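Quick notes on the structure that follows.
The values are calculated or read from the model by the stated rules, or taken from the named source; none is laboratory data. Computed from a predicted model, the values in this text were never measured in an experiment. Ideal geometry is used to build each Cβ from the backbone, glycine not excepted, and the neighbour counts take in all protein chains shown.
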Amino acid sequence: MISKKELLFQIVLHILVLLFFSFERHTGSIVVHRAIFLLFYALATVAITYYLMPKFLYKKKYWQFFLGAGMVVAMIITIEETVLEPLIFPNTKRADTFPGIYISLLGVLPVMFILSGCKFGWDALKKQAQIDELETTIQESELQFLRSQINPHFLFNNLNNLYSYALQESPKTPEIILEMSGVLRYMLYESKEQFVPLKKELEQLGNFIRLYKLQIEDRGEVRFDVDKIEGEYKIAPLILIVFIENAFKHSQSGQSSDIEIDISVKLSNATLEFSCKNNYEPGFSLDSVAKGIGLKNVRKRLELLYPKKHVLKIEEADNSYNVFLRLELEKV
């Protein structure tokens with residue numbers, strides 16, 4: 001069914017075509033017989049644009065389409081020569097005024113090409129809009145799936161640590177549970193949007209780091225430096241947390257003392273620079289950690305949310321694991 005926008009477009013298009021082909025510049029008026037012929041051509045073109053094109057052309061049945069279009073053109077010329085011309089010019093000898101089929105074709109084909117071409121362009125734009133909408137829907141579904149993986153991943157890592165503290169009857173167990181519930185609340189309820197305020201995300205990073213510092217206790221040092229954020233910017237939630245979680249996982253799995261984790265966040269001219277460095281014991285393999293679900297997840301989300309607007313570098317050198325991420329942010 002034709003939409004209101006398309007109906008308006010077709011009305012404006014037909015008026016412009018009518019004026020262009022039937023307006024006489026010398027007299028400053030519309031030539032009536034030209035307007036009648038044009039209206040007849042336009043009416044006949046409807047058979048091509050709203051029947052033959054959807055039924056054959058868009059289904060790649062090209063021979064059927066061109067055969068049908070040829071039959072429509074032949075019908076138009078036949079009716080024009082045998083019906084319209086005698087009615088409009090009853091006292092005119094056709095041999096003197098109308099040279100024949102070729103002249104009729106020169107009148108019919110330009111109008112049909114213009115009207116059919118504009119209809120084809122309209123349909124192409126509409127189809128592209130549908131494709132864009134479908135791609136957006138697929139992307140949003142994929143992002144929702146990727147985000148849904150973060151909560152189980154976070155729970156899996158932290159429940160193991162919590163279990164070990166519970167076995168040791170550590171007095172810090174209730175505090176760990178409290179901090180863990182706060183982070184989970186943010187993940188479940190406050191980060192459902194595609195983007196969240198940067199300041200809110202950095203606040204949750206601080207809570208997340210405090211949770212893990214409780215587990216490290218006195219086995220090392222954790223530094224978290226955030227430059228003063230000027231302006232209101234937005235960022236995809238739960239991107240930076242993955243790198244911090246991996247840093248703690250490296251250190252806790254690979255060594256029991258002298259843990260060093262250095263995290264910094266800077267913002268300059270809407271460009272966020274995030275750095276996370278941690279050490280690990282010589283001989284500790286990072287393969288299983290580096291290829292885990294967390295990093296695969298965050299790489300995919302960065303590709304979807306920040307195409308050509310991010311730089312991610314991960315380096316392993318001198319018993320240290322370094323992550324550098326640059327993001328081009330947008331204002332709220």
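Brief remarks on what is shown
- Qualifying residue in segment 155-164 (condition: among the hydroxyl-bearing types (S, T, Y) and either modelled with pLDDT under 65 or in contact with a strand residue (DSSP E or B) (Cβ under 7 Å, 6 or more places away or on another chain) (or both)): no
- Check on G206, assigned to a helix (DSSP H, G or I) and loosely packed, with under 14 Cβ neighbours inside 10 Å: yes
- Matching residues, segment 307-322, being of a type outside the set (D, E, K, R) and either surrounded by 11 or more Cβ atoms within 10 Å (Cβ to Cβ) or more than 25 Å from the chain's Cα centre (by Cα) (or both): H310, V311, L312, I314, A317, N319, S320, Y321, N322
- Output for segment 25-46, where each listed residue is buried (at least 17 other Cβ atoms within 10 Å of the Cβ) and of a type in the set (S, T, Y): Y41, T45
- Boolean, Y321 is of a type in the set (S, T, Y), at pLDDT 85 or above and farther than 14 Å from N246 by Cβ: no
- The residues of segment 5-24 that are surrounded by fewer than 16 Cβ atoms within 10 Å (Cβ to Cβ) and farther than 14 Å from D123 by Cα, listed by number, are L8, I11, V12, I15, L16, L19, F20, F23, E24.
- You will find that of L87, L13, L52, the residue that is touching a residue at least 60 places away in the same chain (Cβ under 8 Å) and part of a helix (DSSP H, G or I) is L13 and no other.
This table checks each residue for (1) within 25 Å of A47 (Cα to Cα); (2) at pLDDT below 85; (3) within 38 Å of the chain's Cα centre (by Cα); (4) assigned by TED's automatic domain parsing to the domain that holds L52.
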| residue | (1), (2), (3), (4) |
| --- | --- |
| T97 | no, yes, no, yes |
| I101 | yes, yes, no, yes |
| L105 | yes, yes, no, yes |
| G117 | yes, no, yes, yes |
| A124 | yes, no, yes, yes |
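- Within segment 55-73, the set of residues being in a helix (DSSP H, G or I) and loosely packed, with under 12 Cβ neighbours inside 10 Å comprises Y62, W63, G70.
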